[in-house]
1. Looking at the stretch 69-88 only, could you name the residues that are charged (D, E, K, R) and part of a helix (DSSP H, G or I)?
2. For the stretch 16-33, check the following and say yes or no: at least one residue is hydroxyl-bearing (Ser, Thr, Tyr), modelled with pLDDT of 95 or more, part of a helix (DSSP H, G or I) and surrounded by 13 or more Cβ atoms within 10 Å (Cβ to Cβ).
3. Here's a check for you: in the stretch 52-104, which residue that is of a type in the set (Val, Ile, Thr) and at pLDDT 85 or above is nearest to residue 37 (Cα to Cα)?
4. Before we move on, is residue 48 in contact with a helix residue (DSSP H, G or I) (Cβ under 6 Å, 6 or more places away or on another chain), among the aliphatic types (A, V, I, L, M) and either surrounded by fewer than 24 Cβ atoms within 10 Å (Cβ to Cβ) or outside any helix (DSSP H, G or I) (or both)?
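The values are calculated or read from the model by the stated rules, or taken from the named source; none is laboratory data. Quick caveat, the model's predicted, so the values are computed rather than measured. All Cβ positions, glycine included, derive from the backbone under ideal geometry; neighbour counts span all protein chains shown.
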Amino acid sequence: MTRIVKTAFLAISALLILPAQGRTQSESFDAHLSSAQTQRAAGDFAAAEQSLRTALTERPNDPQALRLLALMLAFQDKLEEAHEYADKEERSDAFPNGTHKKPVANSNGSARIN
């Protein structure tokens, strides 16, 4: 992990460890989502999955968090669960027409939305 990414990860992690006193639910959600994005960029898909699951306890129907969790699960070859979260994102209020599709694994081991 590069020094900059590691420093950013530690800073975000420190914010998440602090007591939630004085932090709104939105600030906490944003901190978890930001942490997940940093973890994803560092290739730590399991940690990003955990951050997203925590974020979704605060906003269970957030389409961005649902979509990112579906991708993190797909990157870990948890395709059945990835499809469940992709389906949930499609049913969320933000995308009433079902415009997004399911994550699938490519033959090279990467994942994409199909």
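1. Result: 80, 81, 84, 87, 88.
2. No, the stretch 16-33 has no match at all.
3. The selected residue is 54.
4. So residue 48 does not fit the description; no.
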